[in-house]
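To start, the structure under review is shown below, and the notes come after it.
The values are calculated or read from the model by the stated rules, or taken from the named source; none is laboratory data. Treat the numbers as computed from the prediction; the structure is a model and nothing was measured. Cβ sites come from the backbone with ideal geometry, for glycine too, and all protein chains shown count toward neighbours. Areas reflect the complete protein model, heavy atoms only, side chains present, ligands, DNA and RNA absent. Shrake-Rupley method; radii C 1.70, N 1.55, O 1.52, S 1.80 Å.
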Amino acid sequence: MILKVKLFPILKTVIPLLLGIYLIWYFFHSMSEESLTYFYKALHEANYFWIILALLLSFCAYLSRAYRWKYTLEPMGFKTPFWNRYHAMMIGYLINLTIPRAGEASRAAMLYRSDGVPFSKSFGTIIAERIVDLFMLFLVTLITLALAYDDFFTIFKQIQTNFSDKTASDEGQIIKYVFYVFLALGFIIFTYFILFKKKVREKIILFVKGLFDGLFSIFKSKNPFLFFSHTLLIWILYIVYFGIAFFSLEETKNFPLDGMLVAFIAGALGISLTNGGMGTFPLLVALVVVFYLEKDNANALAIGNALGMLIWVSQTILLIVLGLISFLLLPKNFSKKSNEEHV
């Protein structure tokens with residue numbers, strides 16, 4: 001049983017990584033020699049001023065996100081330095097590139113390391129942020145539907161068809177059933193500890209209480225207007241830096257706004273499917289670009305792939321660089337003893 005419990009997080013990490021590697025291979029394998037030649041030509045002739053500007057705007061979004069975090073921590077009595085919050089956040093993004101969804105937990109752990117904020121409380125605030133961000137993505141989706149209703153559903157039907165053809169297999173079904181088995185085992189183990197292990201039960205109850213404190217901290221904020229102002233700014237920056245990248249290629253500089261928004265949502269979907277959007281992000285963005293360009297440009301596939309790869313590679317490099325810098329600069333101020341005294 002211990003082996004199975006340890007095997008699940010390994011599978012959860014390795015499977016999306018292998019899927020991403022496969023999709024990167026497929027990304028290049030699906031292009032003909034002519035398309036590959038045009039793909040490399042597009043990368044060589046791209047105007048990287050727009051990519052650099054997109055990276056600067058992306059960095060501003062990270063700064064705003066780190067600043068926004070204080071509005072959920074302060075209602076619980078935690079005043080943390082801006083750069084500690086920023087470094088903890090960027091380390092979380094770095095971890096997400098290797099272990100899906102582990103970045104949120106790493107971010108909370110790093111803030112404990114630098115400022116002694118209890119893990120459960122800061123993790124709760126991160127979940128609250130994710131809920132708000134999902135709501136913002138929902139709003140962007142509604143706006144996109146209003147602008148490009150028919151195109152939106154046509155493209156996402158193509159995405160569903162393409163990805164079901166590439167990923168649906170007997171192995172995929174086996175993995176799904178293995179996941180359900182591990183989920184059931186986890187529930188049984190959790191129930192056993194809750195019912196028969198008093199100390200563990202008390203720790204779980206304490207953790208859940210802290211989690212809910214963090215989760216509802218938004219409603220206790222003294223500056224809800226500033227919290228939501230930063231949220232709006234973050235999402236405007238996300239959309240603008242994504243859209244600006246279209247100006248880097250001659251063939252996409254006049255791309256329609258509604259098409260950019262559809263590509264933005266497709267890219268967001270890609271990031272949720274594999275580690276940091278490996279393979280999925282450039283493929284899905286390319287699919288949207290091809291949809292809008294293929295009628296007028298014989299090299300639409302190469303152009304879409306070039307743009308998708310430009311955005312994904314530049315943003316991934318930025319996350320790696322900033323994450324590594326933050327890992328080196330985040331102070332380790334809090335020991336277990338000092339945290340117990342604080343509590």
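Which one is farthest from A46 (Cα to Cα), of the residues in segment 271-290 that are open to solvent by 40 Å² or more (accessible area, probe 1.4 Å) and without any contact (Cβ under 8 Å) to a residue 40 or more places away in the chain?
Of everything passing the filter in segment 271-290, S272 is farthest from A46 (Cα to Cα).
Here's the yes/no breakdown for (1) more than 26 Å from the chain's Cα centre (by Cα); (2) open to solvent by less than 50 Å² (accessible area, probe 1.4 Å); (3) not charged (D, E, K, R):
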position	(1), (2), (3)
L36	yes, yes, yes
E45	yes, no, no
L57	no, yes, yes
C60	no, no, yes
L63	no, yes, yes
P81	no, no, yes
H87	no, yes, yes
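List every residue pair whose Cβ atoms lie under 7 Å apart, where the two residues are 6 or more positions apart in sequence or sit on different chains, the first residue falls within segment 77-94 and is without any contact (Cβ under 8 Å) to a residue 24 or more places away in the chain and more than 19 Å from G276 (Cβ to Cβ), and the second residue, located anywhere, is in a helix (DSSP H, G or I) and aromatic (F, W, Y).
F82/Y67
For segment 137-151, give me each residue that is part of a helix (DSSP H, G or I), open to solvent by less than 50 Å² (accessible area, probe 1.4 Å) and either farther than 15 Å from G267 by Cβ or at pLDDT below 85 (or both). Step through it out loud before you land on a result.
We begin by selecting, within segment 137-151, every residue part of a helix (DSSP H, G or I); these are 137-147, 149-151.
Those still in the list that are open to solvent by less than 50 Å² (accessible area, probe 1.4 Å) too: 137, 140-141, 144-145, 151.
L145, D151, listed by residue number.
Could you go through segment 154-170 and let me know if any residue there is at negative phi and at pLDDT 85 or above.
Yes, segment 154-170 has at least one match.
Working carefully through the options Y38, Y48, Y67, find the one that is modelled with pLDDT of 85 or more and under 30 Å from K222 (Cα atoms).
Unique residue meeting the criteria: Y67.
Within segment 293-331, which residues are open to solvent by 20 Å² or more (accessible area, probe 1.4 Å), farther than 23 Å from L57 by Cβ and either in contact with a strand residue (DSSP E or B) (Cβ under 8 Å, 6 or more places away or on another chain) or part of a helix (DSSP H, G or I) (or both)?
Listed by number, the residues that qualify are L293, L301, F327, L328.
Among (1) farther than 21 Å from T252 by Cβ; (2) under 18 Å from the mean Cα position of the chain (by Cα); (3) modelled with pLDDT under 95, there is one condition L329 misses while meeting the rest; what is its number?
Condition not satisfied by L329: (2).
Suppose the filter is surrounded by fewer than 19 Cβ atoms within 10 Å (Cβ to Cβ) and in contact with a helix residue (DSSP H, G or I) (Cβ under 8 Å, 6 or more places away or on another chain); does I99 pass it?
Yes: the conditions hold for I99.
I need the full set of residues from segment 94-115 which are farther than 19 Å from Y71 by Cβ and either in a loop (DSSP other than H, G, I, E, B) or touching a Gly at 6+ places or on another chain (Cβ under 6 Å) (or both), in order please.
L94, I95, N96, L97, T98, I99, P100, R101, G103, S106
Mind checking which residues of segment 215-238 are open to solvent by less than 30 Å² (accessible area, probe 1.4 Å), modelled with pLDDT of 95 or more and farther than 28 Å from E45 by Cβ?
Of everything in segment 215-238, those that are open to solvent by less than 30 Å² (accessible area, probe 1.4 Å), modelled with pLDDT of 95 or more and farther than 28 Å from E45 by Cβ turn out to be I234, W235.
Residues being part of a helix (DSSP H, G or I) and under 17 Å from the mean Cα position of the chain (by Cα): count how many of those fall in segment 279-292. Even if it seems obvious, please write down each step before you answer.
Residues of segment 279-292 part of a helix (DSSP H, G or I): 280-292.
If we keep only those that are under 17 Å from the mean Cα position of the chain (by Cα) too, we end up with 280-285.
Number of matching residues: 6.
Search segment 291-304 for residues that are within 13 Å of Y40 (Cα to Cα) and pair each with any residue that is open to solvent by less than 30 Å² (accessible area, probe 1.4 Å) and not in a helix (DSSP H, G or I) when their beta-carbon atoms are under 9 Å apart and the residues are at least 6 apart or on different chains.
Here the result reads L301/M31; A302/M31; I303/L249, each pair linking segment 291-304 to a residue that is open to solvent by less than 30 Å² (accessible area, probe 1.4 Å) and not in a helix (DSSP H, G or I).
Would you mind finding the one in I188, I265 that is loosely packed, with under 13 Cβ neighbours inside 10 Å, part of a helix (DSSP H, G or I) and modelled with pLDDT under 95?
The match here is I188.
Can you find a residue that is closer than 20 Å to I131 by Cβ and either surrounded by fewer than 19 Cβ atoms within 10 Å (Cβ to Cβ) or touching a helix residue (DSSP H, G or I) at 6+ places or on another chain (Cβ under 9 Å) (or both) anywhere in segment 239-250?
Yes, segment 239-250 contains a residue that is closer than 20 Å to I131 by Cβ and either surrounded by fewer than 19 Cβ atoms within 10 Å (Cβ to Cβ) or touching a helix residue (DSSP H, G or I) at 6+ places or on another chain (Cβ under 9 Å) (or both).
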